[in-house]
Amino acid sequence: MKIAVCAVQGAFAEHEKILQQLGVSYIELRQKADLNNDYDALILPGGESTVQGKLLKELDMFDIIKKQIQNGMPVLATCAGLILLAQNLSNDTHTYFQTLPVRVKRNAYGRQLGSFHTEGSFGPFEQVPMEFIRAPYIESVQENVEILSTIDEHIVAVRYHNQLGISFHPELCDDMRIHAYFIEIVQQTSTS
Ligand code: GLN
């Protein structure tokens, strides 16, 4: 199994560190030629969604990645990555891949409370540490989107078939359960 980590901007190195610890090999996607590699899944890291979206388009990577997601390649998207996947953004006129049928609010926690740490449940897991950094949350989901985590009545993690969208940064904590959960989805996808 090989995971491709989108590395044009943002917190990609932190995801790679966790993959290393889990013994999963990965490559970085920095330019169009990197998309010719063989890989089984994608990670879209946190960072600045406007910058990432712009770079992916300028580097001519955007359409290919969008097609891979539409064709069922598993994707783990955290924070800015979630914004890139969202079908609608409630407070931004830009949208990006639009493959995940949810409405997302950018910088949803405001400036004062922009960054905070909490613990909560995520799917089958309890007491998962969650690091929020100028985070978005999910305001509404369409049919067949599975809600995996809700914090203070806001949806912060969902799964829709091959897409896992998360408001917070599991790659910034020592807890590797969310990445392991994603790896399991990748394994199931590649054997089915
Ligand atoms: N606020 C950023 C954005 O709108 C996301 C923050 C993050 O990824 N930590 O893109």
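Is the range 63-76 home to any residue that is within 16 Å of the ligand (Cβ to nearest atom) and of a type outside the set (Ser, Thr, Tyr)?
yes
Restricting attention to the range 126-144, report how many residues are of a type outside the set (S, T, N, Q) and part of a loop (DSSP other than H, G, I, E, B).
So the count comes out to 4.
Given the options 147, 183, name the one that is under 20 Å from residue 11 (Cα atoms) and outside any loop (DSSP other than H, G, I, E, B).
Only one candidate passes the filter, namely 183.
Can you find, within the range 1-18, the residue that is surrounded by the fewest Cβ atoms within 10 Å (Cβ to Cβ) among those that are touching a residue at least 60 places away in the same chain (Cβ under 8 Å) and away from the ligand (no atom under 14 Å from the Cβ)?
The extreme case among them is 17.
Looking at the structure I just gave you, is residue 21 part of a helix (DSSP H, G or I) and either closer than 25 Å to residue 135 by Cα or without any contact (Cβ under 8 Å) to a residue 60 or more places away in the chain (or both)?
Considered against the rule, which asks whether it is part of a helix (DSSP H, G or I) and either closer than 25 Å to residue 135 by Cα or without any contact (Cβ under 8 Å) to a residue 60 or more places away in the chain (or both), residue 21 comes out as no.
Would you say residue 134 is basic (Lys, Arg), farther than 13 Å from residue 74 by Cβ and in contact with a Lys or Arg (Cβ under 9 Å, 6 or more places away or on another chain)?
yes
Quick check: is even one residue across the range 117-128 within 23 Å of residue 53 (Cα to Cα) and touching a residue at least 24 places away in the same chain (Cβ under 8 Å)?
No, the range 117-128 contains no residue that is within 23 Å of residue 53 (Cα to Cα) and touching a residue at least 24 places away in the same chain (Cβ under 8 Å).
So, of the residues in the range 164-180 that are of a type in the set (D, E, K, R) and not in a helix (DSSP H, G or I), which turns out to be modelled with the highest pLDDT?
175
When the range 107-136 is examined, which residues are found to be among the polar types (S, T, N, Q), within 9 Å of the ligand (Cβ to nearest atom) and on the phi > 0 side of the Ramachandran plot?
107, the sole residue that qualifies.
If I go through the range 137-180 residue by residue, how many of them are under 16 Å from residue 106 (Cβ atoms), surrounded by fewer than 19 Cβ atoms within 10 Å (Cβ to Cβ) and within 16 Å of the ligand (Cβ to nearest atom)?
Looking only at that region, the number is 2.
Return the residues of the range 51-95 that are touching a His at 6+ places or on another chain (Cβ under 8 Å) and surrounded by 16 or more Cβ atoms within 10 Å (Cβ to Cβ); say none if nothing qualifies.
Passing the criteria: 53, 76, 78, 79.
Just give me the residues in the range 14-28 being under 18 Å from residue 79 (Cβ atoms) and over 14 Å from the mean Cα position of the chain (by Cα), in sequence order.
17, 18, 19
The values are calculated or read from the model by the stated rules, or taken from the named source; none is laboratory data. Keep in mind that what you see is a predicted model, and the values were worked out from it rather than measured. Using ideal geometry, Cβ is built from the backbone for each residue, glycine included, and neighbour counts are taken over all protein chains shown.
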